[in-house]
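Contents: one structure, followed by commentary.
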Amino acid sequence: MSIFVDKQRLLTSSDTLSGGVNLFRNTDKLDKFWSAFASGWGQAEESAKFASTVNHELIATKSVFHTANDSAMHATICCSQQIYLETGVYTVSFVARNNGTNPPGFSLELFSDYTDKHGGAPLGSTRTNLTNIWQRYSITFRITEAGTYGNWRILHNADTPVAGGSLYYANLKLERGSIATDWCPNYADYYDDLQNQINELKKQIPGR
């Protein structure tokens, strides 16, 4: 059985057992929880802006996160959301590109409060290097200590030059399991959108 909202799949019964549920909030608009980290710079931009870039059809979200710095370790996208994770295997996936003309670039690594508590090594890294063409990437990792973790950071943790000075991310997703599935919003994001629509309709009703 599947549940659809606005012609988009929200969940199936198998998703809750084998992954597919996006644990990250606000990955469609990227205007809450998502930011640059520390001394870096970043902002959400409309995905339509990238309609002329190669493989832009991979972008499923309304917004793309643009982060910029001369050094890869400071060109970081960060999610401040606190997420409770049980022990087990998880996967972060996204589409990304740099702004350079001389690929290949570098791999991307995943950090969080969890890595801060466990020696600082990354949870994992992408298998292929970032290029100037939109491509899918994923990082699979294991949580050995259940807890609530935040400050999810994607970066290349070295003082390596950033090709073109900018990195771009979309379709960000955290899910249980070792398989990266297609992007979908977090359930709560659907609820928030529906509630906002209801509130707008109430404003249009006379006497309210």
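The values are calculated or read from the model by the stated rules, or taken from the named source; none is laboratory data. If you're wondering where the values come from, they're calculated on a predicted model, not measured in any experiment. Every residue, glycine among them, receives a Cβ derived from its backbone with ideal geometry; neighbour counts consider all protein chains shown.
Observations
- Counted as qualifying within region 1-49 are the strands (runs of 3 or more DSSP E) with 2 or more residues that are at pLDDT below 50 and under 25 Å from F141 (Cβ atoms), namely 8-12.
- Residue in region 146-155 that is part of a strand (DSSP E or B), within 18 Å of T67 (Cα to Cα) and charged (D, E, K, R) present: yes
- Test for G165: is it under 18 Å from the mean Cα position of the chain (by Cα) and surrounded by fewer than 19 Cβ atoms within 10 Å (Cβ to Cβ): no
- Complete set of residues in region 156-181 that are over 20 Å from A96 (Cβ atoms) and in a strand (DSSP E or B): R176
- Answer from Y90, Y114, Y137 - the residue that is of a type outside the set (K, R) and over 23 Å from T61 (Cβ atoms): Y114
- Matching residues, region 161-200, being of a type in the set (S, T, Y), out of contact with any strand residue (DSSP E or B) (no Cβ under 7 Å at 6 or more places or on another chain) and modelled with pLDDT of 90 or more: none
- Boolean, S47 is surrounded by 18 or more Cβ atoms within 10 Å (Cβ to Cβ) and over 23 Å from R176 (Cβ atoms): yes
- The residues of region 61-75 that are more than 20 Å from G100 (Cβ to Cβ) and buried (at least 17 other Cβ atoms within 10 Å of the Cβ), listed by number, are T61, S63.
- Restricting region 117-134 to residues that are more than 16 Å from the chain's Cα centre (by Cα) and surrounded by 17 or more Cβ atoms within 10 Å (Cβ to Cβ) leaves a set whose member that is farthest from H56 (Cα to Cα) is P122.
- Matching residues, region 76-102, being in contact with a strand residue (DSSP E or B) (Cβ under 9 Å, 6 or more places away or on another chain), surrounded by fewer than 20 Cβ atoms within 10 Å (Cβ to Cβ), assigned to a loop (DSSP other than H, G, I, E, B) and among the hydroxyl-bearing types (S, T, Y): S80, T87
- Residue in region 103-112 that is modelled with pLDDT of 95 or more, touching an Asp or Glu at 6+ places or on another chain (Cβ under 8 Å), among the hydrophobic types (A, V, I, L, M, F, W, C) and crowded, with 16+ Cβ neighbours inside 10 Å present: no
- Residues of region 22-41 classified as buried (at least 17 other Cβ atoms within 10 Å of the Cβ) and either at positive phi or β-branched (V, I, T) (or both), total: 3
- In region 128-139 there is at least one residue that is touching an Asp or Glu at 6+ places or on another chain (Cβ under 8 Å), at negative phi, at pLDDT 95 or above and not in a loop (DSSP other than H, G, I, E, B).
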